[in-house]
Amino acid sequence: MSQTTPLLPPAGTCFVDAVNSQFHRNITSVLRAPLLGATQWRVSKKTSDKMMDRRGWVQSVCMTATTPEQIAALPESCERIYIPGEFCRQGDVLSAAAAAGKVILLERGAFLAPSDLTRAVEKLGEAKSRLILVEAGSAFGYSDRVLDPRALEVMLSLGCPLALNLDALVQPAGTPYEHRPAWMNTAHFDIAFIRTASAFHVHYLILPADRELAPEALDLWSSAVRKLS
């Protein structure tokens with residue numbers, strides 16, 4: 001596996017799964033290296049190949065990995081490793097990611113105090129230079145996640161670029177409670193999330209996998225990208 005240190009993607013990049021890229025045709029800053037959520041994706045899948053051909057995606061992917069064995073098996077074409085929040089402090093996973101020589105997207109666990117990420121960053125050692133910290137919200141029950149600006153402030157102090165996982169915020173994993181208010185599911189809150197991200201100079205967005213951003217939210221993100229440039 002190559003040990004060449006990859007360059008971090010440009011500020012303002014949006015990560016999106018190629019299979020769902022049809023929902024984000026109007027976003028010019030979408031990176032041509034799709035980010036997947038819970039499942040791995042390889043360019044050999046015919047359904048994804050067709051989408052990549054149609055949308056002009058390059059053969060470079062970001063893949064989720066949760067074990068050292070998965071990381072060791074990643075192909076050369078995978079330039080970025082996404083470590084879900086449940087595994088963000090798993091020492092063997094972090095060590096394997098550091099040794100892989102790829103860009104690392106490390107999600108903060110929904111039940112983890114932001115300051116507890118410090119140890120995870122320390123475990124990565126020199127790989128911190130290719131680390132992107134991912135904020136995906138805090139969980140307090142009711143199948144919902146809350147974006148706490150204090151978490152962004154703490155994570156920013158760790159000296160790494162930040163990404164905001166809109167997909168996790170707007171569509172939390174787990175079985176929804178019947179009494180969860182319907183107003184929580186509206187795309188209108190994209191605006192609130194992106195306003196918060198802009199205030200804290202978040203560099204990257206991980207987009208909702210099953211729908212387009214609200215137009216006003218897209219305008220806000222485009223404006224934030226210009227400020228970062």
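General observations
- Residue within segment 13-26 that is within 27 Å of Ser129 (Cβ to Cβ) and either out of contact with any Phe, Trp or Tyr (no Cβ under 9 Å at 6 or more places or on another chain) or at pLDDT below 55 (or both) present: no
- Scan segment 135-153 for residues that are assigned to a loop (DSSP other than H, G, I, E, B) and either farther than 23 Å from Pro10 by Cα or basic (Lys, Arg) (or both) and the total you get is 8.
- Residue tally, condition on the phi < 0 side of the Ramachandran plot, surrounded by fewer than 20 Cβ atoms within 10 Å (Cβ to Cβ) and modelled with pLDDT under 85, over segment 53-78: 9
- Annotation: Ala98 fulfils all but one of (1) under 19 Å from Met63 (Cβ atoms); (2) at pLDDT below 95; (3) in contact with a strand residue (DSSP E or B) (Cβ under 8 Å, 6 or more places away or on another chain); (4) surrounded by fewer than 21 Cβ atoms within 10 Å (Cβ to Cβ); the unmet one is (2).
- Filter pass, Trp221 being at pLDDT below 90 and farther than 25 Å from Glu79 by Cα: no
- Out of Gly109, Gly101, sole residue that is out of contact with any helix residue (DSSP H, G or I) (no Cβ under 6 Å at 6 or more places or on another chain), among the small types (Gly, Ala, Ser) and within 20 Å of Ala163 (Cα to Cα): Gly101
- Set Leu158, Leu124: member being touching a helix residue (DSSP H, G or I) at 6+ places or on another chain (Cβ under 6 Å), closer than 20 Å to Gly101 by Cα and at pLDDT 95 or above: Leu124
The values are calculated or read from the model by the stated rules, or taken from the named source; none is laboratory data. The shown structure was predicted, so the numbers you read here are calculated from the model rather than taken from an experiment. Ideal geometry is used to build each Cβ from the backbone, glycine not excepted, and the neighbour counts take in all protein chains shown.
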